[in-house]
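Input: a single structure, listed below in structure tokens.
The values are calculated or read from the model by the stated rules, or taken from the named source; none is laboratory data. All values derive from a computational prediction rather than experimental measurement. Counting neighbours? That spans all protein chains shown, and the Cβs are built from the backbone with ideal geometry, glycine included. Just the protein is used for accessible areas: all its heavy atoms, side chains included, with ligands, DNA and RNA removed. Shrake-Rupley method; radii C 1.70, N 1.55, O 1.52, S 1.80 Å.
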Amino acid sequence: MRLPSKMTKEEINKVVEETIMEMGLEDCADTRIGNWHCRGISNGEKKRLSIGLEILTQPHVLLLDEPTTGLDSASAFYVIQALCHIAHKGKIVICSIHQPSSEIFYLFDDLLLLSSGETVYFGQAKNALKFFADAGFPCPTRRNPSDHFLMCTNLDFDLIAEVLERTQLCLASSKSTMEMRKSEIRRTLIETYKSSKLMFNARSKVQQLKHNEEQGIKHYTGSTTTWRKQLCTLTKRSFLNMTRDIGYYWLRIIFYIMIGISLGTLFFHIGTGNSSILARAKCVSFIYGFMICLSCGGLPFFIEELKVFYGERSKGHYGEAVFVVSNIISSFPFLVLTSFSSGTIIYFMVQFHPGLTNYAFFCINLFCCLSVVECCIMAVASLVPNVLMGIGIGTGVIIFMMMPSQIFRSLPELPKFFWRYPMSYLSFASWAVQGEYKNDMLGVEFDPLLPGDAKVSGEKVLSSILGVPLDHNKWWDLTALATLLLVHRLVLFLVLRFVKRAKSPKLWFYAKKSLHIGKRCLLNDKPSVSSRKLAQHPLSSQEGLMSPNLAM
């Protein structure tokens, strides 16, 4: 989806293989990334993989936020070395770095040091030590240059020194950095930079680039693949993920089968005695009232899938409609397997109303209920910030939708306001339970309550005891349930489309505001814009070069 649809499969595979080789991932090319039960590739390989996904489209500018965080020294060096290789191919690589080692520091060509938003140094990385030495703060012989820069510019060290003084401890440091407070050192460095040739070179370069900004920038418009290719790719990936992850569906299928066996033994061969009337109602209520709550177990996996979706949607690879449809297609076989495996066990062990049509109705009815509940859980997962809140809110929503159904009270006994109208019509459990009541009891005769009386028909049980309306058949109940399923899918689509994107206008407003502030600062002798080098030439030698077209 990241590459143009006009490319053939062989061309795409070639680009992928070249990217794998460029990032040094050929040794783990056939290894799974890993999850909670599969170790997979290492953290350093995951970092390089995420970078490889971004350079797949050959962008002109690559922005990275602390790409070495959480990595050991060898993995961190490998990641930065790979970025250095990308930069030497003519790309612009800009990254913030967290506690770099001296080996990593010497790989950088240009360096921008910021302290509380103020520029302390901007120029070639190899000249930074000379700049600090000329300002009166030379780096000790055995100290990492990046650590020395942090010691000189981070104001938090003043607070640490005060605490240590109060506790009568001393902070081992060089004499030049301890005789002055960090705030004074920072102020001296900032003033030194403002009066240096480095700042004037940077300002002149920025002013030169401003004259070229009207040439137009080639904007990245997202995926260039067709909707059909997006759907096929997402469906295949989602199905593969569901198949490999035992916690996504396989574990829940096992639980459904175990509960089905338990329920079948509890109501084994329920029969048609007068006591079986309430027993059948209890069995149906248990199936559609409590079994489907197991679908909440899929919420952690939905949240992980949504994280991938949000990241890829923000880059324009595909939209919400493709994601929802692909999820429907990929989850369909697992939901069918869940409903028919557990439904078959329950149906034949309990011995509901026999007949192929009745059996098919029971399993399809259960399938629709599971699909509706999963859709509700996905909508909740897209709204909550973490798994614990999602499980609590998701379970509450499902129970709330069960309340206006025959599981707790018959429909005529429900309060007319809100619960009967409109909630009983919006409750999936209401349609599912009354449809299964009709499917199981219509055409069945039960033993009389008193000896010698006539047998009790299923129709009489439905109308007088269970309060199920008989003005429409069970297929209308199933149709209403299927309609609710479509409505829930539409709600999921709307939630994905508008809820997470509601922040975008605000972020765009703050971005524009920051841009105007940056321009004013530029005119007030506060340069804050830097430019990366092309190929292997440092910034200071690019006085006459034009700004490249950017494609993010």
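For region 1-108, the Stokes-Einstein estimate of translational diffusion at 10 °C and a viscosity of 1.306 mPa s comes to 107 µm²/s, using the Kirkwood hydrodynamic radius over alpha-carbon pairs. Compare the Cα positions of Gln81, Cys95, Leu3 along the charge dipole of region 1-108 (+1 at Cβ of Lys, Arg; -1 at Cβ of Asp, Glu; about the Cα centre) and return the one farthest towards the positive end. Final value for the positive-end residue is Leu3.
In this structure, the residue pairs whose Cα-Cα separation is over 19 Å, taken from Lys6/Lys307; Lys130/Lys210; Lys46/Lys307, are Lys6/Lys307; Lys130/Lys210.
Starting from 0.36 nm per residue, how many nanometres of slack lie between Val499 and Leu266 once their C-alpha separation is accounted for?
Contour length minus Cα-Cα distance gives 79.4 nm.
Look at the alpha carbon pairs under 8 Å that are at least 6 residues apart: their mean separation over the length of region 387-486 gives a relative contact order of 26 percent.
With every protein chain kept in place and ligands, DNA and RNA left out, what is the accessible area per residue of region 181-333? Probe 1.4 Å, answer in Å². Please report the intermediate quantities before stating the final value.
Details: 7690 Å² over 153 residues.
Heavy-atom accessible area per residue stands at 50 Å².
Here each label is just a point 7 Å from Cα along the line to Cβ, and for Leu3 and Gln351 those points are 6.2 nm apart.
How much FRET efficiency would the formula 1/(1 + (r/R0)^6) give for Ser183 and Val308, where r is the Cβ-Cβ distance and R0 is 35 Å, rounded to 0.05?
Details: r = 44 Å, r/R0 = 1.26.
Result of the calculation: an efficiency of 0.20.
Here the Karplus curve 6.51 cos²θ - 1.76 cosθ + 1.60, taken at θ = phi - 60°, turns the phi angles of region 228-234 into couplings of 5, 5, 4, 5, 5, 5, 5 Hz, with x standing for Gly and Pro.
Along each principal axis, taking the top coordinate minus the bottom one, the Cα set of region 301-383 gives 54, 19, 14 Å in descending order.
Separation of region 303-379 from region 236-268 is 12 Å, based on Cα centroids. Note on region 1-108: with charges restricted to the Cβ of Lys and Arg (+1) and Asp and Glu (-1), its dipole about the Cα centre is near 300 debye.
The H on the amide N of Leu62, modeled in the peptide plane, is under 5 Å from the matching H of Ile92, Val93, Ile94, each at least 5 residues off or on a different chain.
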